[in-house]
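This report refers to the structure that appears directly beneath it.
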Amino acid sequence: MSDGDVIDWQEAMDQCGDDEEFLRELLSDLRGEIDAQLVKIEDALKTVNDQSFLLIMRASHVIKGASSNLMCGQLRETATNLEQGAAGANQIETANTSALEAETVKVKDLFEKLKTAVDNYHKFLDSVGI
């Protein structure tokens with residue numbers, strides 16, 4: 001993982017009018033928002049029901065949007081993939097248990113990839129003193 005995979009610092013600075021203090025504050029706020037959304041996704045995956053994938057779609061959409069605005073490519077990409085995976089799973093009838101179980105496995109795998117991206121993001125923030 002390179003820092004450029006986690007965040008395009010120069011592009012993020014451009015988004016913030018070259019105000020590094022403001023960017024650091026936004027990146028710190030993003031950490032809190034991401035962590036809150038991860039809890040929602042984890043809760044939705046504990047007991048899969050007819051609302052689980054919709055909740056995952058919403059939470060991953062929040063992460064995707066916020067990380068995109070701050071040029072955090074790895075977070076954006078993995079959140080997008082999770083959102084799309086959850087959208088596909090959301091289309092499956094709950095009575096179709098075998099298909100639902102297969103899609104649940106895929107969504108859980110995508111969630112693990114998002115958690116890896118979040119870990120990388122946290123490490124990056126720690127490395128720059130945020």
Neighbours by Cβ (under 6 Å, 6+ apart or cross-chain): first from region 98-112, at pLDDT below 95; second open to solvent by 40 Å² or more (accessible area, probe 1.4 Å) and in a helix (DSSP H, G or I): none
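Would you check if there is a residue in region 66-87 being over 22 Å from D119 (Cα atoms) and assigned to a helix (DSSP H, G or I)?
Initial filter on region 66-87 (over 22 Å from D119 (Cα atoms)): 87.
Cutting the leftovers down to assigned to a helix (DSSP H, G or I) gives us 87.
Yes - at least one qualifying residue is present in region 66-87.
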From the list D29, D119, D18, which residue is assigned to a loop (DSSP other than H, G, I, E, B), out of contact with any Gly (no Cβ under 9 Å at 6 or more places or on another chain) and open to solvent by 80 Å² or more (accessible area, probe 1.4 Å)? D18
When the residues of region 90-116 are filtered to those that are under 17 Å from the mean Cα position of the chain (by Cα) and among the aliphatic types (A, V, I, L, M), which remaining residue is surrounded by the fewest Cβ atoms within 10 Å (Cβ to Cβ)? L110
Among all residue pairs at least 6 apart or on different chains, which show Cβ distances below 9 Å where the first residue, located in region 4-26, is aromatic (F, W, Y) and the second is modelled with pLDDT under 95 and open to solvent by 70 Å² or more (accessible area, probe 1.4 Å)? W9/D3
Among the numbered criteria (1) of a type in the set (S, T, N, Q); (2) crowded, with 19+ Cβ neighbours inside 10 Å; (3) closer than 21 Å to I130 by Cα, which one does S60 miss? (3)
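Take the residues of region 5-15 that are part of a helix (DSSP H, G or I) and under 22 Å from T78 (Cα atoms): which is nearest to the chain's Cα centre (by Cα)? Lay out the reasoning, then the answer.
First, the residues of region 5-15 that are part of a helix (DSSP H, G or I): 5-6, 9-15.
Then drop every residue that is not under 22 Å from T78 (Cα atoms), which leaves 5-6, 9-12, 15.
Numbers: D5: 14, V6: 12, W9: 19, Q10: 22, E11: 20, A12: 18, Q15: 20 Å.
The residue in question is V6.
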For region 36-75, which positions are in contact (Cβ under 8 Å) with a residue 40 or more places away in the chain, within 21 Å of A95 (Cα to Cα) and of a type in the set (V, I, T)? V48, I56
Which of the following residues is part of a helix (DSSP H, G or I), of a type in the set (A, V, I, L, M) and open to solvent by less than 50 Å² (accessible area, probe 1.4 Å): L55, L38? L38
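The values are calculated or read from the model by the stated rules, or taken from the named source; none is laboratory data. Small disclaimer: the values here were computed from a predicted structure and weren't measured. Every residue, glycine among them, receives a Cβ derived from its backbone with ideal geometry; neighbour counts consider all protein chains shown. In case anyone asks, the SASA skips ligands and DNA or RNA and just uses the protein heavy atoms, side chains included. Shrake-Rupley method; radii C 1.70, N 1.55, O 1.52, S 1.80 Å.
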